[in-house]
Number of protein chains: 2
Amino acid sequence: MTLAEQAYQQVRWDIISGALPPNQPLRLEQLKQRYGVGFSPIREALNRLQSDRLVVNVALRGFTVAPISIAEMWDAIETRCLIEGDALRRSIEKGDDAWEAHVVAAYHALMLKAKSVSTLPRPVSEADLRALEERHHAFHRALIAGCQSQWLLDFADKLYVETERYRFPNLRDSSPLPDRDIGNEHQVLMTTVLARDADTATQLLQTHYRNTGRILADLIGPLTAV
Amino acid sequence: MTLAEQAYQQVRWDIISGALPPNQPLRLEQLKQRYGVGFSPIREALNRLQSDRLVVNVALRGFTVAPISIAEMWDAIETRCLIEGDALRRSIEKGDDAWEAHVVAAYHALMLKAKSVSTLPRPVSEADLRALEERHHAFHRALIAGCQSQWLLDFADKLYVETERYRFPNLRDSSPLPDRDIGNEHQVLMTTVLARDADTATQLLQTHYRNTGRILADLIGPLTAV
DNA sequence: CCTGGCAATATTTTCGAAAATCTTTATTTA
DNA sequence: TAAATAAAGATTTTCGAAAATATTGCCAGG
């Protein structure tokens with residue numbers, strides 16, 4: 001793997017996890033130090049992150065971490081509902097045995113990690129949270145992986161990462177909500193998908209995302225209102 | 001504007017127009033000469049184009065122009081129908097007077113250019129074709145610009161460029177089809193949009209794209225089958 | 001004649017310095 | 001004092017050379 005690729009993944013994670021907070025100016029000299037590489041790989045990473053909308057760049061005035069806002073979060077969530085809703089529908093219609101198998105496997109892997117993390121003493125390490133996050137992403141990707149559209153999958157990936165910027169930092173801070181069982185929601189969703197009930201599954205998926213949005217809006221709203 | 005930005009726009013156009021054909025290896029030394037800039041701006045441009053899926057990159061083995069195929073074209077078209085269909089619907093619901101004005105203006109500008117180009121002696125110059133293409137893009141963007149979703153607009157832009165790779169090269173080669181009046185299709189579409197008839201407008205837009213797809217598939221298919 | 005390994009060449013990737021541009025600070029002028 | 005101007009400093013952008021890696025062509029051994 002090239003240094004540019006490594007830098008890309010590291011900066012990307014630091015933005016998602018919040019280590020590099022929204023609107024933070026990204027000075028090249030400082031990033032060079034932080035990630036221990038030269039200018040070229042850093043610039044390459046930042047250019048790619050710009051296409052992901054994780055950083056913004058004004059010509060000759062450098063890069064900053066992209067801002068976040070409640071409005072932008074809802075835009076990402078609603079667009080995700082559209083993209084993944086359609087992709088899930090197509091997956092359920094066209095998905096073969098291999099697709100089903102991957103869905104089951106990804107769900108199982110997610111559950112195992114969720115269980116193991118839940119028994120860990122707080123605060124949970126960055127590495128464990130990241131591992132859990134990887135499997136969460138893998139599960140959601142597996143659901144729509146049978147849609148046979150590379151464009152839908154690409155867009156879904158971009159939107160997943162974007163919404164994660166809102167979800168992840170609150171995952172660390174707040175304790176799990178007593179009135180919401182994410183594990184159960186995932187299981188019901190998978191069961192419905194495997195039963196090939198496209199309408200119900202799409203509804204469940206979208207409701208899942210919108211409920212998350214409402215909770216996050218309540219958590220973030222008061223803070224940004226200050 | 002930075003050199004990297006200029007290089008980006010130039011390479012992008014050369015790929016869309018077909019001057020740099022699909023699968024063409026992009027040697028840095030050669031591009032450096034062609035566009036008259038150093039390594040850094042070229043690499044920056046290629047990295048951005050990779051995010052647009054116009055070039056592909058294998059680590060340490062360099063960049064090539066992204067391949068095209070009938071299957072990929074249909075994927076782009078169908079995804080575009082989904083994205084722009086929803087965006088158009090939202091535009092019609094939420095669009096204000098300023099949005100309507102921009103639609104009318106963009107349509108008018110497109111018609112003017114189309115008329116002027118149609119009177120020009122063949123072959124039409126690259127510059128004229130590009131100018132016409134810019135206005136065509138602007139019109140389609142204006143239609144959905146009222147949707148109030150930056151994500152939908154971003155995705156629509158990406159897909160527009162991708163489908164243009166299939167449409168544009170055939171625009172130059174083949175004469176206009178006698179049984180299809182694109183100008184009329186655009187006018188009917190705009191009238192329906194301004195009448196705020198979301199269902200009909202969405203149908204027209206999607207049919208417009210799918211008809212184009214069928215024609216292009218017939219033109220391209222025989223060639224690639226060789 | 002074919003195949004595997006090795007040197008030579010070509011290409012990409014990375015680095016650090018130089019050039020270009022923006023920002024800040026100090027100074028002058030009205 | 002406020003506005004405008006100029007110098008100094010900081011930062012981004014660009015370049016070309018050096019390092020790392022891949023590809024090609026050649027030769028020996030089976």
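What do you get when you divide the Cα radius of gyration of the range B:106-184 by 2.2 N^0.38 Å, with N the number of residues?
For the range B:106-184, the normalised Cα radius of gyration comes out at 1.18.
When chain A is turned about an axis onto chain B, which of its residues keeps its C-beta closest to that axis, and how many Å is it?
Here the value is A:Ser51, 2.
Between the label point of A:Ser125 and that of the same position in each other copy, find the distances and list them shortest first in nm, with every label point placed 7 Å from Cα along the Cα-to-C-beta direction.
For A:Ser125, the other copies' label points sit at 6.6 nm, shortest first.
With the label 7 angstrom out along Cα to Cβ, how close does A:Leu60 come to the same site in each of the other copies, in nm, nearest first?
With the label placed 7 Å along Cα→Cβ, A:Leu60 yields 3.9 nm.
Report, in debye and to the nearest 20, how large the dipole of the protein assembly as shown comes out about its Cα centre when Lys and Arg carry +1 and Asp and Glu carry -1 on their Cβ.
1160 debye
Over the Cα atoms, compute the radius of gyration (one decimal) and Dmax (the largest Cα-Cα distance, rounded to a whole number) for the range B:56-187, in Å.
16.7, 52
Provide, for the protein assembly as shown, the number of lysine pairs with alpha carbons under 30 Å apart, each pair being eight or more places apart or on different chains.
14
Tell me, what is the FRET efficiency for A:Leu3 and B:Ser69 to the nearest 0.05, using R0 = 35 angstrom and their Cβ-Cβ distance as r?
Once the sixth-power term is evaluated, E becomes 0.60.
Sort the range A:3-65 into rounded, prolate or oblate with this rule: let a ≥ b ≥ c be the square roots of the eigenvalues of the Cα gyration tensor; rounded if a/c is under 1.5, and if a/c is not under 1.5, prolate when a/b is larger than b/c, oblate otherwise.
The shape class here is rounded.
With a point put 7 Å past each Cα toward its Cβ, work out how far A:Ala131 is from B:Trp13 in nm, to one decimal.
Those two pseudo-labels are separated by 5.2 nm.
To one decimal in nm, how far is A:Ala71 from the same spot in the other copies, if labels go 7 Å from Cα toward Cβ? Please give the shortest first.
When each copy's label point is compared with this one, the spacings are 4.2 nm.
Taking all protein chains in place and a 1.4 Å probe, what share, in percent, of the accessible surface of the range A:70-151 do carbon and sulfur account for?
Carbon and sulfur atoms account for 59 percent of the accessible area of the range A:70-151.
How far is helix A:70-94 tilted off the main Cα axis of chain A, in degrees rounded to 10, range 0 to 90?
On a 0 to 90 degree scale, this one is about 40.
Apply the Kirkwood formula to the protein assembly as shown: the hydrodynamic radius equals the inverse of the mean of 1/r over all pairs of different alpha-carbon atoms; give it in Å with one decimal.
Hydrodynamic radius (Kirkwood, Cα pairs) of the protein assembly as shown is 24.1 Å.
Could you provide, to the nearest whole Å², the per residue accessible area of chain A with probe 1.4 Å?
49 Å²
If the only charges are +1 at each Lys and Arg Cβ and -1 at each Asp and Glu Cβ, what is the size of the charge dipole of the range A:3-65 around the Cα centre, to the nearest 20 debye?
140 debye
What length, rounded to one decimal in nm, is gained on full extension from B:Asp199 through to B:Leu171, with 0.36 nm per residue of separation minus their alpha-carbon distance?
Extra length from B:Asp199 to B:Leu171 when fully extended: 7.1 nm.
What is the average number of partner chain Cβ atoms found within 10 Å of a Cβ in A:11-20?
Shielding by partners across A:11-20 averages 0.
Placing unit charges on C-beta atoms (Lys and Arg positive, Asp and Glu negative, everything else neutral), compute the dipole magnitude of the range B:70-225 about its Cα centre in debye, rounded to 20.
300 debye
If you stretched the chain out fully between B:Leu60 and B:Gln33, how much longer would it get, using 0.36 nm times the residue separation minus the C-alpha to C-alpha distance?
That works out to 7.6 nm of additional length.
Express the C-alpha Rg of chain A as a ratio against the empirical globular expectation 2.2 N^0.38 Å, rounded to two decimals.
The reported ratio for this selection is 1.07.
How many square angstrom of accessible surface are buried between B and A, both sides summed, with a 1.4 Å probe and rounding to 100?
What B and A bury together is about 2500 Å².
The values are calculated or read from the model by the stated rules, or taken from the named source; none is laboratory data. Just so we're clear, the structure is a prediction, and the values are computed from it rather than from any experiment. Methodologically, a virtual Cβ is constructed for each residue, glycine included, from the backbone with ideal geometry; neighbour enumeration extends over all protein chains shown. Side chains are part of the model used for accessible areas, which takes the heavy atoms of the whole protein and leaves out ligands, DNA and RNA. Shrake-Rupley method; radii C 1.70, N 1.55, O 1.52, S 1.80 Å.
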